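To keep things clear, I will list the structure first and then write my remarks on it.
What follows is calculated from the coordinates using simple rules that are stated; it is not laboratory data. Note that the structure is a prediction, hence the values are computed from the model and not measured. As a convention, Cβ positions derive from the backbone with ideal geometry for all residues, glycine included, and neighbour counts pool all protein chains shown.
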Amino acid sequence: PFENHAAVNVVFNLGYALSNLESEKNPYKVVDVKVAEQIADSLLAKGNNDTIQILNTRRPDILIIVLESFTAKAIGCLGGVPGITPNFDRYAKEGLLFTNVYSSGDRSDKGLVAVLSAYPALPSLSIIKYPKKTQNLPFISKDLKKLGYHSTFFHGGDVDFANMRSYFTNGGFDKIVSKSDFNPRDFNSKWGVHDHVVFDTLASFLSHPAEPFFTVFFTLSSHEPFEVPGKPVKPSASSEEKFLNAVHYTDSCLGAFLDRVSRMEWWNNALIILVADHGSRHPGYHEANDYRRYHIGMLWLGGALRLKGTIPALVSQTSIIPTVVRQMGLSDAPYRFGQSIFDPERKHLAMFFYNDGFGMITEHSNFAFDNRSMTVTRSVGGYKDVDVLTGRAFLQYLYDDFMSR
């Protein structure tokens, strides 16, 4: 009930009431509702079967590590700045590296929902702020609970920030580990507990796990203000170089963690997904309407994988969970806004959303549209007016869905 959700976050009530006023009318209406539905149906078409089976088991243990701001621009094996992510680069040779993945939004609260519920970002608000709506989202954690999986969420920060706790509670997670569960002496970051501490706690937790498990860890240290322990790889005090130092630090923690857990017995039956919550303006300082700001890293690892190599297909964050559930022989029908990466009917495009606009990336072009000026503000490779109308109609459909939840 609503009262329970309100109790989750005491600051929630007023924000909910005020922001709810914004959602009574769709500000993005551009075509008839039926036309918007037809366009969405076309963009979100699903086939019956995937073209390939990449897992060697239908019931893997699953670990998803959501890496704060891990833009492709900072990842060496994706053409980013060399030397910043030597561990990600090293493990890229051991698994499935996806080289053309784009985040749905530009904030963590939007990225978590895109990754775990296959629900796209919205331009000017986040569905995670509305517990009555997130309780109606699809959750892989709920799907897996029916199969006996134990689900846990780890984060070194405050899970009441941005209503994360209510989201994971609505998702039926059995255990939430956050800043308040650590010793105050480990509150060594502006936002909470640095990544090396949480990675170490996670590794200990996974040394004797209740199986099968579904575990999610959302890292913290590569968030502004980018203050991390250890020796910097970039000596400058500029914001860009501080960001690269923070990514390098988290990468070092990731490498030590993977080296440790890859020797554990469960690894042989596990699927590990490394993916960013969103990209970053750094390095290179790309504006919110620039598609390069949304290009992110994604790497799949573990003994449950049948295949290794590189997948250059254009992929959205919202494809991750539909891919996993299909590979497990489960239905991806509840994930209306996501299609399996290996679905032959999938349209090869990715959309990103920012305040207050959206972008559409295809294999041949991309553009960004500003909802306030009603103009295309950036384009690469050309676009057609019908592409802009398609994107606007999809946003209309998405917002109608948001209002109806």
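Computed on the stretch 116-185, with alpha-carbon pairs under 8 angstrom and 6+ residues apart, the relative contact order is 34 percent. In plain terms, if you count all Cα to Cα distances in the stretch 111-170 and split them into 5 Å steps from zero, the share in each step is 4, 18, 28, 27, 16, 6, 1, 0 percent.
Rounded to whole Å, the principal axis extents of the Cα atoms in the stretch 163-300 read 44, 34, 32, largest first. Most tightly packed first, judged by the mean number of other beta-carbon atoms within 10 Å of their residues, the peptides 322-332, 214-224, 229-239 read 214-224, 322-332, 229-239. Relative contact order for the chain: 29 percent, from Cα pairs under 8 Å spaced at least 6 residues apart, divided by residue count. In the elastic network of the chain, a GNM with C-alpha springs shorter than 10 Å, the most mobile of Ala350, Ala72, Ala203 is Ala203. With distances taken between every two different alpha-carbon atoms, the stretch 69-156 has a Kirkwood hydrodynamic radius of 15.5 Å. In this structure, Glu24 and Arg58 have a Cβ-Cβ separation that, at R0 = 35 Å, corresponds to a calculated FRET efficiency of about 0.20. For the stretch 140-199, the tally of Lys pairs with Cα-Cα distances below 28 Å comes to 7, considering only residues 8 or more apart or on different chains. When only alpha carbons of the stretch 245-368 are considered, Rg and Dmax amount to 16.6, 47 Å. A Cα-only calculation for the stretch 237-307 places Rg and Dmax at 15.6, 45 Å. Applying 1/(1 + (r/R0)^6) with r as the Cβ-Cβ distance of Ala237 and Thr375 and R0 = 56 angstrom yields a FRET efficiency of 0.90. All other residues whose Cβ lies under 11 angstrom from that of Ile84 are scored, Lys and Arg at +1 and Asp and Glu at -1, for a net of -1. With neighbour counts taken as other beta-carbon atoms within 10 Å, the residues Arg58, Arg90 rank, fewest first, as Arg58, Arg90. Shape analysis of the stretch 105-222 yields a ratio of the Cα radius of gyration to the Kirkwood radius, Rg/Rh, of 0.97.
Over the chain, the ratio between the Cα radius of gyration and 2.2 N^0.38 Å evaluates to 0.93.
By the rule of a C-alpha distance below 29 Å, with chain neighbours fewer than 8 residues away ignored, the lysines paired with Lys93 are Lys73, Lys231, Lys234, Lys242, Lys308, Lys347. Subtracting the Cα-Cα distance of Lys175 and Lys190 from 0.36 nm times their residue separation leaves 3.0 nm of extension gain.
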